[in-house]
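For reference, the structure is listed below as structure tokens.
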Amino acid sequence: MRPMLAPVLALVLALAEPSAEPAAAFAHAGPTPPPHGYPAIKSVAISATDVHPGRSVHGAVETSDNVHYVEARIEYRALALHEDGPGKFSITYKVPWWIPPWLRHGYTLQIIARSVDGVETVREIPIMVR
């Protein structure tokens, strides 16, 4: 045997021998979940989906306990909801008294919940500004 092949052959034989330790088993395939789990929006309640100028809109959101921030977003405007307790958020918003006619149409209200790990989940609700 050539002297150069001896170390290579020894390495191949060492790798071919069965190991005393079993191989690690993977619990799932795909990306690793965040340490505190994925956020979840359990329920969303809103006082009105037909919004009128000068009136107040109230909302409540229930999430999983790992969520510590929820916001309501319409296009580029966002408002943070108040955290009432673990997984419980609320908001009260007074619609401006004057809305120009070209802004009175349908929108998509996004409820965005962010976990302590920075993972987001979104629920969309259609609303109409009259």
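Values in this text are rule-based calculations from the coordinates and carry no lab data. The structure presented is a predicted model; accordingly, all values stated were derived computationally and were not measured. We place every Cβ from the backbone using ideal geometry, glycine too, and count neighbours over all the protein chains shown.
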Item checked: Local net charge near K42, Cβ-Cβ under 12 Å (Lys/Arg +1, Asp/Glu -1) -> 0
Notebook entry, point to check: How much net charge surrounds V61 when only the other residues with a Cβ under 15 Å from the Cβ of V61 are counted, with Lys and Arg +1 and Asp and Glu -1?
Noted result: -2
Item checked: Residue order, fewest to most beta carbons within 10 Å, for R104, R123, R77 -> R77, R104, R123
Next item on the list: Could I have the simple spin-label model distance between H68 and I125, label points 7 Å from Cα toward Cβ, reported in nm to one decimal?
Entry: 2.5 nm
Next item on the list: Quote the relative contact order of the range 41-129 in percent (integer), defining contacts as alpha-carbon pairs under 8 Å separated by 6+ residues.
Entry: 32 percent
Next item on the list: Arrange S43, S90 by Cβ neighbour counts within 10 Å, fewest through most, would you?
Entry: S43, S90
